[in-house]
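Notes follow once the structure below has been shown.
The values are calculated or read from the model by the stated rules, or taken from the named source; none is laboratory data. Please read these numbers as outputs of a predicted model, since none were measured by experiment. So basically every Cβ, Gly included, is an ideal-geometry build from the backbone, and we count neighbours across all protein chains shown. Ligands, DNA and RNA are excluded from the accessible area calculation, which covers all protein heavy atoms including side chains. Shrake-Rupley method; radii C 1.70, N 1.55, O 1.52, S 1.80 Å.
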Amino acid sequence: MIGFFISALWLIIPAYLPNSTAVIFKGKKPIDFGKRFIDGRRILGNGKTFRGLIGGTLCGTTIGVFQILISGKLNLPDFNGDPLIVFTLALGAMLGDMAFSFIKRRLGLDRGAPFPLFDQLDFVFGALFLTYLVHGNWFKINFTLWKIIFILLVTPLIHLAVNYLGYKIGEKKEPW
Ligand code: CTP
Ligand code: MG
Ligand code: K
């Protein structure tokens with residue numbers, strides 16, 4: 001039982017890390033180049049920068065490769081020993097985060113405005129979706145329905161705790 005919880009969290013770590021490290025890597029150049037959408041609002045907003053995207057993806061991939069290396073010793077999922085799988089999880093996380101910034105702007109929510117549950121889960125949706133698309137076989141074997149449900153339930157709690165920490169140490173403007 002405990003193995004189920006630990007392996008579920010283990011599988012999603014390469015997607016967790018990009019989100020928290022993007023805050024630390026935050027850059028200046030916004031991915032939407034400051035451009036506006038047809039509704040007159042920013043496409044993504046100043047909270048999505050190239051540095052954040054690249055730094056977050058690299059950090060997620062790095063920890064994933066490290067996980068691959070130690071997975072055998074710990075008897076945990078080994079991502080097929082494939083760095084592309086952990087890269088996909090990390091990149092998917094950042095793309096999911098961007099996708100929901102796009103949706104937030106369309107809903108008229110300013111950068112940083114809270115969008116409860118979606119702020120906490122956008123990167124998980126993105127990571128799972130992209131990995132399902134690109135590595136479908138591996139995904140179906142490793143992300144069972146119960147693991148996905150567990151991840152969706154526990155992630156908002158972990159996310160809030162980590163962001164609160166980031167807020168406290170001054171890296172984040174809002175505690176969400
Ligand atoms: N960040 C970044 N580049 C990214 C993602 C995040 O630079 N691709 C940095 C930004 O400084 C951002 C912070 O990480 O403000 C926190 O990320 P997030 O909460 O996702 O962004 P918000 O500022 O809340 O913007 P949005 O309303 O668009 O989600
Ligand atoms: Mg936010
Ligand atoms: K977000």
> Over the stretch 2-168, what is the mean sequence separation of C-alpha contacts under 8 Å (at least six apart), divided by residue count, expressed as relative contact order in percent?
Replying inline: 26 percent
> Which residue, ASN137, ASN163, ASN46, has the most motion in a Gaussian network model of the chain that connects Cα atoms within less than 10 Å?
Replying inline: ASN137
>> Going by amide H atoms built from the backbone, whose H comes under 5 Å of the H on ARG42, apart from near neighbours?
In response: PHE37
>> Apply the Karplus curve 6.51 cos²θ - 1.76 cosθ + 1.60, θ = phi - 60°, to the phi angles in the stretch 2-18 and return the couplings in whole Hz, x for Gly and Pro.
In response: 4, x, 4, 5, 5, 6, 4, 5, 4, 5, 9, 3, x, 8, 5, 4, x
>> I want to check the label-to-label distance for ILE141 and PHE33. Put each point 7 Å from Cα in the C-beta direction and report it in nm to one decimal.
In response: 4.3 nm
>> Using 10 Å bins from zero, what percent of all Cα-Cα pairs in the stretch 2-168 falls into each bin?
In response: 11, 39, 34, 14, 2, 0
>> Is there a quick way to get the dipole size of the chain? I mean about its Cα centre, with the Cβ of Lys and Arg at +1 and of Asp and Glu at -1; what is the value in debye to the nearest 20?
In response: 660 debye
> Which shape class applies to the stretch 2-72: rounded if a/c is under 1.5, otherwise prolate when a/b exceeds b/c and oblate if not, where a ≥ b ≥ c are the square roots of the Cα gyration tensor eigenvalues?
Replying inline: prolate
> Along the charge dipole of the chain, Cβ charges K/R +1 and D/E -1, which of PRO30, LEU160, ASN80 sits furthest on the positive end?
Replying inline: PRO30
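Quick check: residue separation of ASN46 and LEU160 times 0.36 nm, minus the Cα distance between them. What number comes out in nm?
Numbers: separation 114, 0.36 × 114 = 41.04 nm, distance 2.15 nm.
38.9 nm is the gain from fully extending ASN46 to LEU160.
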> Given the chain, what count of lysine pairs have C-alpha atoms under 19 Å apart, with each pair 8 or more places apart or on different chains?
Replying inline: 18
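If you roll a 1.4 angstrom probe over the protein chains with everything in place, what fraction of the accessible area of the stretch 55-176 belongs to carbon and sulfur, to the nearest %?
Values: 4690 of 6570 Å².
C and S atoms contribute 71 percent here.
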